[in-house]
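Derivation of every value follows stated rules applied to the coordinates shown; laboratory data play no part. These figures come from a predicted structure and were not determined experimentally. Glycine gets a Cβ as well: all are built from the backbone with ideal geometry, and neighbour counts include every protein chain shown.
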Amino acid sequence: MNFNPTIPIYLQIMDSIKKDVLSGALTAGERLDSVRGLAVKFGVNLNTMQRACSELEREGVIQTQRGIGSFVTQDKSILKALEREMVDQKVKEFLEEMRSAGLTDKEILTAIEKGFKK
Amino acid sequence: MNTNLNIFGLTKSFGSQLALDDVHMEIQPGRIAGLMGPNGAGKTTILKTIMQIVKPDAGNIILNGIPLNHNSRQEIAYLPDHNHLFKWMRVRDAIAYYRDMFVDFDSEKSKELCDFLKIDPQAHVRTLPSGMLERTLIMLTFSRKAKLYLLDEPIGGIDPLARQKILQTILSGMNEDNSVLLATHLVNEVETILDDVFFLDKGCLLASDSAENIREQRGKSIMEYYLEVFENV
């Protein structure tokens, strides 16, 4: 995975796992690889991976059962919230970019409608 | 005991040349520390001093709470920046040599690493291309269950695939009790695996910080911070 070196890496790993959950690459209730395995897979050190996992756990995206492993949550409300958060963030980023390019809200809307028709 | 390696006021001159000037460092267990700086900064001298190949003029080094002594080398796995294996050896001879030299050598682990790194134990050390040689050296180093791994330019001058495999070997060799001190000037290549960084120039420690701190507090990549620190020397 390619990281942006100016953003804390654990945040980027969290985003990547959340994206996998939303896209269905990781399904609800699925068991995650061990922290060690994930660290090697992402190419980061154990401490960074540990931090990403504990933050994900704090947010409720994954649940750790002692001695068994970590699992993607089956809680529908958390998954729903995750989706909303992701959509909000992407829309915000998109709008910021368009506005900084000098487009008015109306022009952005027209551009989106055009995009759909293509 | 919560530090793996403590270095206090390390000073060393070679003749009139000051190689290390009052260097202080601390590495916690479970962490990968990068020792970075241009050529001639004193990185290799620090590693050699920890290995007791070079005798410091002043300063102390404490490993796991105990000052360095004649037993310390059994707890440290050192990968020098040159090929230290005998030219007549095959890879399997080098493995046998390490097994005889170090009580913490794990033959099973060396087999696993040979598979993972695609090393042929029958190959002659003399004829190994540099990427393969570096893989062999990292295999030997991480077949040991050491407390501290000292790696001197383990990814210098080798292809991207070998580099990635070597970094993966380092990552999977880590646990909560051991630590790694990695000397390199290839800052970009090791950005994502480091926990802590130490910047060294002309024998002086210019800065040290944790990698996440640099990204979170300063909003910079290690490379950007490196350039900032070294530009203002």
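Listed here are the pairs B:K43/B:K118; B:K43/B:K147; B:K43/B:K220; B:K109/B:K165; A:K80/A:K114; B:K12/B:K147; which of them are more than 18 Å apart at the Cα?
B:K43/B:K118; B:K43/B:K147; B:K43/B:K220; A:K80/A:K114; B:K12/B:K147
For segment A:9-74, evaluate the Debye formula with one uniform point scatterer on each Cα (no solvent term) and list log10 I(q)/I(0) at q = 0.17 Å⁻¹, rounded to two decimals.
Log10 of I(q)/I(0), two decimals: -0.51.
Using only the Cα atoms of the protein assembly as shown, what do you get for the radius of gyration and for Dmax, in Å?
According to the Cα coordinates of the protein assembly as shown, Rg and Dmax are 23.7, 77 Å.
Average projected area of the Cα convex hull of segment B:33-149, in nm²?
If you wrap the Cα atoms of segment B:33-149 in a convex hull and average its projections, you get 8.3 nm².
Which number comes out as Rg/Rh for segment A:77-117 once both Rg and the Kirkwood Rh are worked out on C-alpha atoms?
The Rg/Rh ratio comes out at 1.12.
Could you give each residue of segment B:49-57 its phi-based ³J(HN,Hα) in whole Hz, using Karplus coefficients 6.51, -1.76, 1.60 with θ = phi - 60°, and x for Gly or Pro?
5, 5, 7, 6, 7, 10, 9, x, 6
In whole Å, what are the Cα extents of segment B:106-175 along the three principal axes, biggest one first?
Largest to smallest, the principal-axis extents are 32, 24, 17 Å.
Based on other C-beta atoms within 10 Å, arrange A:E83, B:E108 from fewest to most.
Going from least to most buried by this count: B:E108, A:E83.
In what sequence do B:K147, A:K106 fall when counting other Cβ within 10 Å, fewest first?
Taking fewest neighbouring Cβ atoms as first place, the list is A:K106, B:K147.
Taking the Cα centre of chain B as origin and charging only Cβ (+1 Lys, Arg; -1 Asp, Glu), how large is the dipole, in debye to the nearest 20?
860
Need the full-extension length gain, B:D22 to B:R99, defined as separation in residues times 0.36 nm minus the C-alpha distance. One decimal, nm.
24.1 nm
Run the quick spin-label model on A:E83 and A:A101: label points 7 Å from Cα toward the beta carbon, then report their separation in nm to one decimal.
Between A:E83 and A:A101, the simple spin-label model gives 2.8 nm.
Using a 10 angstrom cutoff on alpha carbons, build the Gaussian network for chain B and name the most mobile of B:L79, B:L113, B:L18.
Highest fluctuation of the listed residues: B:L18.
Given 10 °C and 1.306 mPa s, compute D for segment B:82-140 with the Stokes-Einstein relation, Rh being the Kirkwood radius over Cα pairs; round to the nearest whole µm²/s.
140
Can you tell which of B:Q52, B:Q217, B:Q122 shows the greatest fluctuation in a Gaussian network model of chain B with Cα springs below 10 Å?
Comparing B:Q52, B:Q217, B:Q122 in the GNM, the peak value goes to B:Q217.
Would you compute, from DSSP H runs of 4+ residues alone, the mean residue ellipticity of chain A at 222 nm, taking -39500 (n - 2.57) per run and dividing by the full residue count, rounded to the nearest 500?
-20500 deg cm²/dmol
Given the rule -39500 (n - 2.57) for each run of at least 4 DSSP H residues, summed and divided by the residues of chain B, what is its mean residue ellipticity at 222 nm, to the nearest 500 deg cm²/dmol?
For chain B, the value works out to -9500 deg cm²/dmol.
Can you give the convex hull volume of the alpha carbon atoms of chain A per residue, in Å³?
In chain A, the Cα convex hull volume per residue is 140 Å³.
Hey, fewest Cβ within 10 Å first, where do A:M86, B:M36, B:M25 land in order?
Least to most surrounded, the residues fall as A:M86, B:M25, B:M36.
Size of chain B along its principal axes in angstrom, Cα-based, largest extent first?
50, 38, 37
Can you compute the modelled spin-label distance between B:S13 and A:K114, with each label point 7 Å from Cα toward Cβ, in nm?
Distance between the two pseudo-spin positions: 7.3 nm.
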